[in-house]
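**Q** If you scroll down you'll find the structure; I have some questions about it.
Just so you know, all these numbers are worked out from the coordinates, no wet-lab data involved. This is a predicted model, so every value here is computed, not measured. Here the Cβ positions follow ideal geometry from the backbone for every residue, glycine too, while neighbour counts run over all protein chains shown.
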C-alpha cells in the first residue's frame with residue numbers, strides 16, 4: 001500500500017506538525033489568555049467524538 005519511505009515521511013510529518021502546533025498554542029495562550037478560555041473542553045469534546053466514531057466503525061464492520 002505505502003512504501004517504507006512514505007511511511008517514514010508520514011510519521012516524521014505528524015510528529016513535527018504536532019510539535020509545532022503545540023508550541024504555537026502554548027505561545028499564543030501565554031500572550032492572549034482571554035481567547036483560550038474553555039479551549040480544553042473543546043479539545044476533550046473533539047477527542048470524544050473521534051473515539052466514538054472509531055468505536056462505531058469497529059462495532060459495525062463485519
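**Q** Given the Cα-Cα distance of residue 27 and residue 44 and 0.36 nm per residue of separation, how much length would full extension add, in nm?
**A** 4.1 nm
**Q** Also, quick follow-up: Under a no-solvent Debye model with one identical scatterer per Cα of the stretch 4-60, what's log10 I(q)/I(0) at q = 0.15, 0.19 Å⁻¹?
**A** Values returned for q = 0.15, 0.19 Å⁻¹ are -0.71, -0.89.
**Q** As a check on your grasp of the helix formula, calculate [θ] at 222 nm for the chain: sum -39500 (n - 2.57) over DSSP H runs of n ≥ 4, divide by the residue count, round to the nearest 500.
**A** Only helices count here, giving -28500 deg cm²/dmol.
**Q** Continuing with this model, one more query. Please give, to one decimal in nm, the separation of the simple spin-label points placed at residue 10 and residue 60, each 7 Å out from Cα toward the Cβ.
**A** For the pair residue 10/residue 60, the computed spacing is 2.3 nm.
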